[in-house]
Amino acid sequence: MQTQWRALLLDSRVSRDNTTAAQPPEGDPLRSPFEADYDRVIYSTPFRRLARKTQVHPLALNDHVRTRLTHSLEVGCVGRSLGKKLAGFLQANGHMPVDRSESDLVWIMLSACAAHDIGNPPFGHAGEYAIREWVTTHETEVFGKHSVSPGVRSDLALFEGNAQGFRIAARPDNPKTGYLRLTYATLGAMIKYPWHSEDKRAQYQKKFNVFSTEQALFEAMMTSMGLSDSKGTFRRHPMSFLTEAADDICYRILDLEDAVEIGILDEKRVRDLYATSLCTDTKGDSLAVLRGKVIRALIEGVWEVFEQDYANIMA
């Protein structure tokens with residue numbers, strides 16, 4: 001299992017020349033490659049753009065209401081806790097590679113969580129639907145008379161923020177992204193839907209993580225981490241389940257808090273929901289304190305499930 005995790009925690013990056021060859025880590029005495037991932041995300045233009053993108057409540061005039069930027073930072077806090085739990089579990093069971101540490105897993109989770117929404121268009125999923133509808137009803141304006149591959153046509157007709165996020169985080173040839181080129185481990189921890197837009201799962205679920213233009217990079221990366229099989233299909237990185245869980249915890253809880261802030265929901269109703277989740281007396285606690293307790297309980301619940309299903313997740 002150490003060998004398997006050694007591959008899953010690869011600190012290689014996509015080559016600068018945009019080939020499928022991996023580039024080994026660049027030596028930095030001050031930062032590990034995974035720390036550098038986090039810095040690259042935080043300082044990048046695409047990350048800053050999240051400040052003006054809707055989380056759930058659009059065009060809010062209240063500064064306390066979350067944007068995709070504040071949401072991503074909060075997801076990172078939950079991901080950090082899950083990363084620590086994973087590190088402790090791997091160390092206790094002898095699965096942690098000798099050249100990796102708890103801090104490596106924490107930085108991977110922080111980076112993946114910070115970048116998980118980096119490809120979202122304005123207005124989130126509503127923005128995706130708008131792009132899809134516009135492309136399918138304006139094919140002449142989009143494609144003109146040029147010959148376009150089925151993959152590119154499908155990429156745009158099913159435009160997906162997750163695939164745009166992978167494009168931004170992996171490609172080495174777009175200076176506007178700051179050449180993020182995140183490590184393989186961090187990219188793997190971001191990927192929820194390990195297939196491209198022409199895959200039957202994309203057609204059915206309307207979800208995918210890879211545009212045709214990045215398919216070769218994706219396949220080389222996933223193969224390097226041992227996440228491919230002989231049939232040409234790819235498995236999810238185990239840490240991607242934790243990234244997804246951190247995202248789910250935050251939006252399910254914190255969107256309620258925002259709804260109270262702008263008067264959509266009554267505070268008592270949300271307090272009662274929190275109390276029911278905790279199965280305990282919560283009188284005297286502020287809404288913020290209750291929120292913290294609920295998030296902690298959900299982190300523990302998520303970890304319990306991950307540990308129970310560890311063998312299946314690794315498969």
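The values are calculated or read from the model by the stated rules, or taken from the named source; none is laboratory data. None of the values given here were measured: they were computed from a predicted structure. Cβ atoms come from the backbone with ideal geometry, glycine included; neighbour counts cover every protein chain shown. SASA here: full protein model, heavy atoms, side chains in, ligands and nucleic acids out. Shrake-Rupley method; radii C 1.70, N 1.55, O 1.52, S 1.80 Å.
Just a few scattered comments:
- Among the residues of segment 101-122, those that are open to solvent by less than 30 Å² (accessible area, probe 1.4 Å) and of a type outside the set (A, V, I, L, M, F, W, C) comprise Asp104, Ser111, His116, Asp117, Gly119, Asn120, Pro121.
- Residue in segment 272-286 that is surrounded by 20 or more Cβ atoms within 10 Å (Cβ to Cβ) and either part of a helix (DSSP H, G or I) or modelled with pLDDT of 95 or more (or both) present: yes
- Residue check for Glu244: within 17 Å of the chain's Cα centre (by Cα) and free of Cβ contacts under 8 Å to residues at least 60 places away in the same chain: yes
- Selection within segment 45-71: residues that are out of contact with any Phe, Trp or Tyr (no Cβ under 8 Å at 6 or more places or on another chain), hydrophobic (A, V, I, L, M, F, W, C) and in contact (Cβ under 8 Å) with a residue 40 or more places away in the chain. The member of this set that is farthest from Leu265 (Cα to Cα) is Phe47.
- Single condition Val65 does not satisfy, out of (1) under 20 Å from Leu256 (Cβ atoms); (2) of a type in the set (Val, Ile, Thr); (3) within 17 Å of the chain's Cα centre (by Cα): (3)
- Residues of segment 1-49 that turn out to be hydroxyl-bearing (Ser, Thr, Tyr), at pLDDT 90 or above, surrounded by fewer than 19 Cβ atoms within 10 Å (Cβ to Cβ) and assigned to a helix (DSSP H, G or I), as a count: 1
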